Amino acid sequence: MFAVPAVIVLTVVIGAFKKVDLFGCFTEGAKEGIGSLISVAPSLIGLVLAVTMLEASGFFEILTGIMSPVCGAVGIPPEVLPLGLMRPVTGSGSFAMLSSILEKYGADSLIGRTASVMAGSTETTFYAITVYYVSVGLSKTRHTVPAALGADIIGMIIACAAVK
Amino acid sequence: MIPKCIFWEIMLILGGVGLLNYIWFGMLVISVVCSLFTGRSAELSRAVTDGADKAVKLVISMAGVMCLWTGILRIAEKSGVTEKISVLLAPVIKLIMPECRDNQKALEAVSANITANILGLGNAATPLGLKAMKELQKTNKLIDAPDNSMVMFVVINTASLQLIPSTIAALRQAAGSEQPFSVLPYIWITSVLTLITGIILAKIFSVRGR
């Protein structure tokens, strides 16, 4: 993927043109990255633990066994279904789930890539809805949930179709 | 009419972040109960120590890619790229959220929030989003329910439009991917289509729900 080095070079060139303290900014930003990674680490540890336990208990095999006919009908590999269920509800949880799927099936396998696209192209829908509406004191949401969840579901189907 | 979402009402009572409590609890209990049925209690015991260990390794192996990207982003921010993108987005936002056409403050906050999301500035995006909601609420005629532009804004925020999904790339790198960024084009296509679906659904439902 050449886009990544291209974006980096473009950013640095624009920065140099605008006379920005390039390396100072970079280290400052990287420091913030470490900070936010450390702040999510505790919840990630808790959720990776829970996902690893669920995986070891054989729960995902049972779930994918039950759901495979439904998944097959819409073109979703049943192995990524647990991720799909987790994605709209919790960010750290879905990252823990993605990491477990990547490890089990391989990051560059079809399932691994499908899971990556699914996790990368949707958001923590319920969390976003709650935070935004609670902040302005609204408890009614009108058509937000059907529209957002509808988009999520279609997005997941698109993700599976896109990778194939 | 859109059926009232009972599930959503329950979600609000549980209180968003508090929901994670129930999920985590559920995951732990289910894993123990399930292992009794599948006879995998030995594997489960090992998973407890493995899981905690794995998580720390994961955080460490993600750190490089994450920090590289937050560092590059900071340069982009300081170079004024964020403002440029915001200005470019304004006309598009006016088109999909016509209710806030004359609400300059809301328009600015909405564009800044979407820009932060596109660049993956998660920490900046949420405060800007909250500011946008506050400004939109000022012109909200429904008072106790969100108007169409607020719903549209939240729906846009539940879609993930991100130029470089650095967390995904970092997770792939940590899992030993040969090409952590190879999924990028698929993520772009999928998230754009998801966003468009969300916008269309919000428009359709807003007309039907009136």
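The values are calculated or read from the model by the stated rules, or taken from the named source; none is laboratory data. Quick caveat: nothing in here was measured; it's all calculated off a predicted structure. Cβ placement follows ideal geometry from the backbone for every residue including glycine, while neighbour counts extend to all protein chains displayed.
Only a single criterion out of (1) of a type in the set (D, E, K, R); (2) under 30 Å from residue B:207 (Cβ atoms); (3) at pLDDT 90 or above is not satisfied by residue B:78, namely (2). Across region B:192-210, the qualifying residues are those that are within 7 Å of another protein chain (Cβ to nearest Cβ) and at pLDDT 95 or above, and the one among them that is surrounded by the most Cβ atoms within 10 Å (Cβ to Cβ) is B:202.
A quick yes/no check of all residues on (1) in contact with a helix residue (DSSP H, G or I) (Cβ under 7 Å, 6 or more places away or on another chain); (2) more than 7 Å from every other protein chain (Cβ to nearest Cβ):
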site	(1), (2)
A:19	no, yes
A:34	yes, no
A:67	yes, yes
A:81	yes, yes
A:86	yes, yes
A:98	yes, no
A:102	yes, no
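Checking each residue in region A:51-65 for being facing another protein chain (nearest Cβ under 7 Å) and either polar (S, T, N, Q) or not in a helix (DSSP H, G or I) (or both) picks out A:52, A:57, A:58. For region A:10-50, residues that are part of a loop (DSSP other than H, G, I, E, B) and among the hydrophobic types (A, V, I, L, M, F, W, C) total 1. Taken over region B:137-163, the criterion of being hydrophobic (A, V, I, L, M, F, W, C), buried (at least 22 other Cβ atoms within 10 Å of the Cβ) and closer than 30 Å to residue A:33 by Cβ is satisfied by B:153, B:154, B:155, B:156, B:159. Only a single criterion out of (1) surrounded by fewer than 16 Cβ atoms within 10 Å (Cβ to Cβ); (2) closer than 26 Å to residue B:177 by Cβ; (3) without any contact (Cβ under 8 Å) to a residue 12 or more places away in the chain is not satisfied by residue A:17, namely (2).
Of the residues B:99, B:83, B:108, the single one that is surrounded by fewer than 21 Cβ atoms within 10 Å (Cβ to Cβ), over 23 Å from residue A:121 (Cα atoms) and in contact with a helix residue (DSSP H, G or I) (Cβ under 7 Å, 6 or more places away or on another chain) is B:99. Of all residues in region A:31-54, those satisfying the criterion of being touching a residue at least 24 places away in the same chain (Cβ under 8 Å) and under 16 Å from the mean Cα position of the chain (by Cα) are A:40, A:43, A:44, A:47, A:48, A:51. For region A:117-135, which positions are under 19 Å from residue A:149 (Cα atoms) and polar (S, T, N, Q)? Those that are under 19 Å from residue A:149 (Cα atoms) and polar (S, T, N, Q): A:121, A:122, A:124, A:125, A:130.
Residue B:70 falls short on exactly one of the conditions (1) out of contact with any Gly (no Cβ under 9 Å at 6 or more places or on another chain); (2) of a type in the set (S, T, N, Q); (3) closer than 24 Å to residue A:92 by Cα, and that condition is (1). If the condition is being within 8 Å of chain B (Cβ to nearest Cβ) and charged (D, E, K, R), then region A:104-137 contributes A:108, A:113, A:123. Whether a residue is closer than 20 Å to residue A:160 by Cβ and outside any loop (DSSP other than H, G, I, E, B) was assessed, and residue B:168 passes this test.
With the requirement that a residue be of a type in the set (Val, Ile, Thr), surrounded by 23 or more Cβ atoms within 10 Å (Cβ to Cβ) and farther than 18 Å from residue B:187 by Cα, what does region A:81-130 give you? Matches in region A:81-130: A:129 only. Sub-8 Å Cβ pairs linking a first residue in region B:177-189 that is facing chain A (nearest Cβ under 7 Å) to a second residue that is assigned to a loop (DSSP other than H, G, I, E, B) and polar (S, T, N, Q), at least 6 apart or interchain, are B:187/B:162, ordered by first then second residue.
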